Amino acid sequence: MKDVLREEFDIIKQRIKDKPEGSYTAYLTTDDDKKTALNKICEKIGEEATETILAAKDGVKEELLYESADLIYHTLVLLAYCGVEYDEIMNEFERRRKK
């Protein structure tokens, strides 16, 4: 089975590194001040979290899926930007399962 989430994370990391023109990921993570870029990413996570909650409350599955994907994407951008590796994320899920 393809690990689409890992592939997405790898693409995000590459775009953070290469900063290709027209890339939304590059836009989110490029700023003269690292704190400003971090704030931009965090604000998007807050926005997407709110939209995910509203979609869930409205009971529209398609909207919930769309907004949840946006939330996951922006969270992956934050994690990659902060130097967290994909395997670290998966290891944390595995650690929690053992409790």
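The values are calculated or read from the model by the stated rules, or taken from the named source; none is laboratory data. Worth saying up front: this structure is predicted, and the values here are computed from it rather than measured. Methodologically, a virtual Cβ is constructed for each residue, glycine included, from the backbone with ideal geometry; neighbour enumeration extends over all protein chains shown.
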Response to the item:
Those residues of region 46-69 which are closer than 22 Å to Val4 by Cα and either surrounded by 18 or more Cβ atoms within 10 Å (Cβ to Cβ) or in contact with a strand residue (DSSP E or B) (Cβ under 7 Å, 6 or more places away or on another chain) (or both) amount to Glu48, Thr52, Leu64, Glu67
Item to complete: Working only within region 75-89, note down all residues that are in a helix (DSSP H, G or I) and either within 18 Å of Asp3 (Cα to Cα) or modelled with pLDDT under 95 (or both).
Response: Thr75, Leu76, Val77, Leu79, Ala80, Tyr86, Asp87, Glu88, Ile89
Worksheet item: Looking at (1) aliphatic (A, V, I, L, M); (2) closer than 18 Å to Arg15 by Cβ; (3) in contact with a helix residue (DSSP H, G or I) (Cβ under 8 Å, 6 or more places away or on another chain), which is the only condition Leu71 fails?
Response: (2)
Worksheet entry | Qualifying position, being among the aliphatic types (A, V, I, L, M), closer than 23 Å to Gln14 by Cα and assigned to a helix (DSSP H, G or I), among Ala37, Ala56, Ala49 | Ala37
Worksheet entry | First in region 86-99 and in contact (Cβ under 8 Å) with a residue 60 or more places away in the chain, second anywhere and among the hydrophobic types (A, V, I, L, M, F, W, C) and assigned to a helix (DSSP H, G or I), Cβ under 6 Å, 6 or more apart | Tyr86/Phe9
